[in-house]
1. Output the qualifying pairs, or none if there are none: Cβ atoms under 9 angstrom, residues six or more apart or on different chains, first residue in the range 69-89 and over 17 Å from R46 (Cβ atoms), second residue outside any strand (DSSP E or B) and hydroxyl-bearing (S, T, Y).
2. Within the range 118-142, can you find the residues that are more than 12 Å from ligand 2 (Cβ to nearest atom) and in contact (Cβ under 8 Å) with a residue 24 or more places away in the chain?
3. Regarding T144, is this residue modelled with pLDDT of 95 or more, within 13 Å of ligand 1 (Cβ to nearest atom) and polar (S, T, N, Q)?
4. Report every pair of residues separated by at least 6 positions or lying on different chains whose Cβ atoms are under 7 Å apart, first residue within the range 1-30 and assigned by TED's automatic domain parsing to the domain that holds P142, second assigned to a loop (DSSP other than H, G, I, E, B) and away from ligand 1 (no atom under 16 Å from the Cβ).
5. Mind listing whichever residues of the range 19-42 are within 12 Å of ligand 2 (Cβ to nearest atom) and either surrounded by 12 or more Cβ atoms within 10 Å (Cβ to Cβ) or under 29 Å from L227 (Cβ atoms) (or both)?
6. Pick from the range 163-181 the residues that are exposed (fewer than 15 other Cβ atoms within 10 Å of the Cβ) and of a type outside the set (A, V, I, L, M, F, W, C): which of them is farthest from R116 (Cα to Cα)?
7. Quick check: is even one residue across the range 133-141 touching a helix residue (DSSP H, G or I) at 6+ places or on another chain (Cβ under 7 Å), within 13 Å of ligand 1 (Cβ to nearest atom) and over 19 Å from K10 (Cα atoms)?
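The values are calculated or read from the model by the stated rules, or taken from the named source; none is laboratory data. Note that the structure is a prediction, hence the values are computed from the model and not measured. With ideal geometry, Cβ positions are generated from the backbone for all residues, glycine too; neighbour counts draw on all protein chains shown.
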Amino acid sequence: MDQPVFDHRKLGLDDVFEFSCFPGISCYNLCCYDVNLVLSPYDFLRVRRALGLSSEEFIARFAELYLGDVTQLPVVAVKMQQHDFSCPFLRPEGCSIYPDRPASCRTYPLARFTGRDEEGKPFEIYRIIRETHCKGHFEKRPITVREWIKEQGLEPYYEFNDLFGEIVFARQHMDRPLSADELDLIYTACYALEKFRPLVEKKEGFLAVGFSEEEINRVLEDETELLRLGLNFLKRTIFREFFEN
Ligand code: SF4
Ligand code: SF4
């Protein structure tokens, strides 16, 4: 897969770009081939629930699981189909999981970059990805980045991805390897909520790091909130040195 080519501009939330994508455009679906489609924990939850699959079933059928080169954190990526490198969720009429498609598919033709500057302040910038096959750039529809985020339903994705991003940032600055138990807990909290739930049901370990009984009971009713608790639990345990103040 070719590396993306970025426009030279760095866009903020109120900057305007021109783009439109719609069924019938000459390049329709071309962007869904040979994609490096890494799923964040929230992407993973949305897609596997849309398909009605357990975490294990989803990974066995549609994904590859590996450790990230730099972070050594677990990574789940969608496997493209062998015969034509298309995304397994692509159909002639478009994306079959469109309401639950991952954040990167929603964000395209933008790419979002977040982090902390030298003073430790969080930043968020966007860049336009220019791919020769994508004709949406020639559509004269001006839109701000902020409007694009709203239109594409990206708010919950970015909220969860930023929470996960804090863990990735902490891991990048950790100067020791993760133990096998830590790695297992990270995987379970992020990508195996069926196995994480019984740990939460026991409650003690969660009460011990400041979650309330009420909070714990509430998340047991709602998988999205269970994921949120899982990510916050990792921040309060394995990565606590980066978040204590
Ligand atoms: S998830 Fe949907 S939008 Fe994203 S690459 Fe696959 S088919 Fe395309
Ligand atoms: S306009 Fe771009 S994003 Fe839309 S279908 Fe064509 S290649 Fe994909």
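1. Pairs found: L73/Y187; P74/Y187; P74/Y191.
2. Of the range 118-142, the ones more than 12 Å from ligand 2 (Cβ to nearest atom) are 118-127, 140, 142.
Across the range 118-142, the qualifying residues are E124, I125, Y126, R127, K140, P142.
3. no
4. Between residues of the range 1-30 that are assigned by TED's automatic domain parsing to the domain that holds P142 and residues that are assigned to a loop (DSSP other than H, G, I, E, B) and away from ligand 1 (no atom under 16 Å from the Cβ), the close pairs are E18/E139; E18/K140; E18/R141; F19/E139; F19/R141; S20/E139; S20/R141.
5. F19, S20, C21, I25, C27, Y28, N29, L30, C31, C32, Y33, V35
6. Looking at residues that are exposed (fewer than 15 other Cβ atoms within 10 Å of the Cβ) and of a type outside the set (A, V, I, L, M, F, W, C), I get D181.
7. Looking through the range 133-141, at least one residue is touching a helix residue (DSSP H, G or I) at 6+ places or on another chain (Cβ under 7 Å), within 13 Å of ligand 1 (Cβ to nearest atom) and over 19 Å from K10 (Cα atoms).
Residue-by-condition table, conditions (1) within 12 Å of ligand 1 (Cβ to nearest atom); (2) in a helix (DSSP H, G or I); (3) at pLDDT 95 or above; (4) closer than 30 Å to H173 by Cβ:
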residue	(1), (2), (3), (4)
S20	no, no, yes, no
A60	no, yes, yes, no
Y66	no, no, yes, yes
D69	no, no, no, yes
M80	yes, no, yes, no
H83	no, no, yes, no
